[in-house]
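Please treat every number below as a calculation from the coordinates, not as lab data. Given the structure is predicted, the values throughout are model-derived calculations rather than measurements.
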Amino acid sequence: TVQCPLAHCLLCVQVGCQYGSSRLFSASRDLTVLMWDLHGGDQPVQEFCGHDLVVSGLAVSPDGSQLCTGSRDNALCLWDVESGECLLKNAISRNLVTHLCWVPGGSCVVQTSEDKMVRLWDCRSLQVSSTFPPKQHIQTHCDVSNDGRYCLTCSHGFGGQGCEATLWDLRQTGSKVCEYRGHLQSATSCLFLPPSPGSAPTLATSSQDCSVRIWDQNSAGKTHTVQHSINMQCLYDPSCKITNIVASWPGSTHYSTILK
């Protein structure tokens with residue numbers, strides 16, 4: 001666990017990093033993103049300022065040279081990590097960003113929004129290259145598989161209406177592969193779990209119904225449920241073995257369990 005000083009003026013709402021790097025990025029309600037070097041002291045090494053409202057999403061490019069951020073100001077910004085310069089900015093009406101995820105090995109970013117849309121951005125021009133069929137509820141979170149073939153999103157909802165996760169085929173943008181239903185309240189986060197040799201691929205979702213659910217990716221069958229949680233982060237070692245799933249409210253951890 002790395003504890004950073006309170007450099008943000010307001011609540012930190014997103015944290016991201018590049019795999020294999022000591023750099024950590026934090027986004028805040030104070031409209032800024034800070035970059036930290038976990039081996040370089042207790043002060044941020046770069047600041048990214050350019051959004052007009054809370055920064056609600058961030059994603060680091062696979063090579064670590066660029067950072068993409070999204071905000072409730074309807075805009076996405078593309079940054080040079082070393083200089084902190086804003087390279088491109090693009091805003092779309094009603095595009096209140098909820099989450100961003102960079103497609104591994106590529107130049108595209110998947111973005112979810114409160115306008116119920118899922119967009120695929122080409123970061124070379126910071127233009128929308130394609131959109132997925134609109135969902136019935138706000139899209140709260142997204143993740144992309146390590147091979148870059150699939151995207152996973154999850155939905156707001158109530159009483160079992162909505163609350164689902166959706167698997168999309170990025171090779172045929174807009175092609176829905178599967179839905180995962182069972183949560184009774186908004187699904188707040190979703191992710192692909194690291195592969196296990198000889199086992200079917202799995203994914204995880206968390207919800208405001210106080211549960212984390214583990215799903216068989218291919219059959220949409222639920223394999224495991226962990227109670228008493230709101231949001232979720234998955235921790236795994238360099239060999240892709242899951243070491244921990246942490247379920248928490250934004251800003252604090254209330255419950256965690258180790259899956260073996």
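What residues qualify as long-range amide H neighbours of residue 178, i.e. H under 5 Å apart, gap of 5 or more or another chain, H built at 1.01 Å from N?
167
Under the rule of at least 5 residues apart or a separate chain, name every residue whose amide H is placed under 5 Å from the amide H of residue 130.
Placed amide hydrogens put 120 under 5 Å from residue 130.
Grab the Cα-Cα distance for residue 45 and residue 177, subtract it from 0.36 nm times how many residues apart they are, and report the gain in nm with one decimal.
Contour length minus the Cα-Cα distance gives 43.4 nm.
Would you pull out the residues with amide H under 5 Å of residue 14's amide H, same chain only if 5 or more places away, H placed 1.01 Å from N?
27
List, in order, the whole-Hz ³J(HN,Hα) value for each residue of region 37-47 obtained from phi through the Karplus relation with A = 6.51, B = -1.76, C = 1.60 and θ = phi - 60°; use x for Gly and Pro.
My calculation for region 37-47 gives 9, 5, 10, x, x, 9, 10, x, 9, 7, 10 Hz in order.
Each residue of region 10-17 in order: what ³J(HN,Hα) in whole Hz does its phi give by Karplus 6.51 cos²θ - 1.76 cosθ + 1.60, θ = phi - 60°, with x for Gly and Pro?
Computed from phi, the couplings for region 10-17 are 10, 4, 7, 10, 9, 9, x, 7 Hz.
For region 190-201, in order, what is each residue's ³J(HN,Hα) by Karplus, 6.51 cos²θ - 1.76 cosθ + 1.60 with θ = phi - 60°, in whole Hz (x at glycine and Pro)?
8, 7, 7, 8, x, x, 10, x, x, 10, 5, x
Test of understanding: what is the full-extension gain from residue 52 to residue 184, defined as 0.36 nm times their sequence separation minus their Cα-Cα distance?
On the way: separation 132, 0.36 × 132 = 47.52 nm, distance 3.41 nm.
The span from residue 52 to residue 184 would gain 44.1 nm if fully extended.
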